[in-house]
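Chemist: This structure is in structure tokens; I'll ask about it shortly.
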Amino acid sequence: MNNVHILDHPLIKHKISLLRDKNTGTNEFRKLTDEVAMLMGYEAFRDLPLEDIRIETPIEPCMSPILAGRKPAIIPILRAGLGMVSGLLALLPAAKVGHIGLYRDELTHLPQQYYCKLPQPIADRPIIVTDPMLATGGSAIDAISKIKNEGGSNIKFMAIIAAPEGLKALSEAHPDIEIYIGQLDRELNDDAYICPGLGDAGDRIFGTK
Ligand code: PRP
Ligand code: URA
């Protein structure tokens, strides 16, 4: 059974409302996406492993904790997931970054993969997959299947806005992963867009249409 975290921090809620506003332009949208990702990352990285090392402070030697184990991997689902990477790298500058390219077919809404490059080795690395939107769940499900096929196992998924349909589908397809959501919205419309959502995240981040 999944651990699903619907985040309730007021700064996350406030910034998501600004993201939703159709009058928020590209520059502001990009900044807000990064800021929300950073705030969500603070929660998602809460259980990173630590080990004690010996440090000499100006006063005396002491044992003090630093991050342990393989460096985490941040894996954005292209394109829109890219908008969350720099916010997470601000928290974890040493993280590796992989990329999975998927786009939704406009008619079937099914994900089509066009690119995959993951940090090697991927096994034993904490992995966080980013995408601002979890709609039908098809893209997240395929991306995580691909990562598992390459040997990844310690996987978290982070979306700024999710539809109940996508959250259910992702939970059923990958019951072992942890899921972090900034806001759970009402439903999908007939075009598989999230309502009320924020529109097309990739277009809003990159200024395309
Ligand atoms: C969007 C979004 C997700 C996907 C979510 O990407 O960024 O990747 O749709 O939908 P799903 O849960 O129904 O799969 P899109 O395919 O529009 O590509 P883009 O990021 O390149 O714009
Ligand atoms: N992809 C988006 O960017 N927005 C949605 O609402 C659904 C899928």
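Chemist: At a Cα cut-off below 16 Å, give the aspartates and glutamates reachable from Lys168, other chains included and same-chain residues fewer than 8 away excluded.
Modeler: List returned: Asp142, Asp176, Glu178, Asp185, Glu187.
Chemist: Among Met158, Met63, Met133, what's the order by accessible area (1.4 angstrom probe), most exposed first?
Modeler: Reading off the accessible areas and sorting them downward yields Met63, Met133, Met158.
Chemist: Compute the separation of the alpha-carbon centres of the range 124-147 and the range 16-37 and state it in Å as a whole number.
Modeler: Using only Cα atoms to place each centre, the spacing works out to 22 Å.
Chemist: Right, another one. Please list, short to long, the whole-number percent of alpha-carbon pairs of the range 1-122 in consecutive 10 angstrom bins beginning at zero.
Modeler: 11, 29, 35, 17, 6, 2, 0
Chemist: In terms of Cα to Cα distance under 17 Å, which lysines are near enough to Lys31, apart from those fewer than 8 places away along the same chain?
Modeler: List returned: Lys13, Lys15, Lys22.
Chemist: Protein chains only, probe 1.4 Å: how do Asp190, Asp124, Asp105, Asp131 rank by accessible area, largest first?
Modeler: Reading off the accessible areas and sorting them downward yields Asp190, Asp124, Asp105, Asp131.
Chemist: Tally Lys/Arg at +1 and Asp/Glu at -1 over every other residue whose Cβ is under 14 Å from the Cβ of Leu198; what's the total?
Modeler: Cβ neighbours under 14 Å give a net charge of +1.
Chemist: Right, next: Which FRET efficiency value, to the nearest 0.05, is calculated for Phe206 and Asn3 with the Förster distance at 22 angstrom and r the Cβ-Cβ distance?
Modeler: 0.10
Chemist: Let me ask something else about it. Could you name the aspartates and glutamates in cross-link range of Lys209, using Cα to Cα under 18 Å and dropping any fewer than eight places away on the same chain?
Modeler: Partners found: Asp21, Glu28, Asp105, Glu106, Asp191, Asp200.
Chemist: Then there's this: Please identify every one of the GluC sites (Glu not before Pro) in the range 44-136 that sits in a loop by DSSP and has no more than 14 other beta carbons within 10 Å of its own beta carbon.
Modeler: Glu106
Chemist: Here's a follow-up. At R0 = 35 Å, how high is the FRET efficiency between Ser171 and Ile59 if r is their beta carbon distance? Nearest 0.05 is fine.
Modeler: Between Ser171 and Ile59 the formula returns 0.10.
Chemist: Top mean-square fluctuation among Ile66, Ile160, Ile12, Gaussian network model of the chain, C-alpha springs under 10 Å?
Modeler: Of the options given, Ile66 has the highest mean-square fluctuation.
Chemist: Oh, and also: Give me the percent relative contact order of the chain, please, defined on Cα pairs under 8 angstrom at least 6 residues apart.
Modeler: Reported as a whole number, the value is 24 percent.
Chemist: Run through the range 1-54 and list the trypsin sites (Lys or Arg not before Pro) located in a DSSP loop whose Cβ has at most 15 other Cβ atoms within 10 Å.
Modeler: When the trypsin sites (Lys or Arg not before Pro) of the range 1-54 are filtered for loop state and at most 15 Cβ neighbours within 10 Å, Lys22, Arg46 remain.
Chemist: Where Rh denotes the Kirkwood radius from the mean inverse Cα pair distance, what is Rg over Rh for the chain?
Modeler: Rg divided by Rh gives 1.00.
Chemist: Using a probe of 1.4 angstrom, how much of the accessible area of the range 28-185 is carbon and sulfur, in percent?
Modeler: The computed percentage sits at 54.
Chemist: Could I ask something else about it? Test of understanding: in a Gaussian network model of the chain with alpha carbons linked when under 10 Å, which of Thr33, Thr24, Thr108 would top the mean-square fluctuation ranking?
Modeler: Evaluated over the chain, the most mobile residue of the options is Thr108.
Chemist: Compare His99, His174 by solvent-accessible area with a 1.4 Å probe and give them largest first, with all protein chains kept in place.
Modeler: Highest to lowest solvent-accessible surface, that is His99, His174.
Chemist: As a check on your grasp of the helix formula, calculate [θ] at 222 nm for the chain: sum -39500 (n - 2.57) over DSSP H runs of n ≥ 4, divide by the residue count, round to the nearest 500.
Modeler: Value at 222 nm, helices only, nearest 500: -9500 deg cm²/dmol.
The values are calculated or read from the model by the stated rules, or taken from the named source; none is laboratory data. Remember, predicted model here, so these are calculated numbers, not experimental data. A quick note on method: Cβ atoms are made from the backbone with ideal geometry, for glycine too, and the neighbour counts reach across all protein chains shown. Each accessible area value is taken on the protein alone, full model and side chains, heavy atoms only, with ligands, DNA and RNA left out. Shrake-Rupley method; radii C 1.70, N 1.55, O 1.52, S 1.80 Å.
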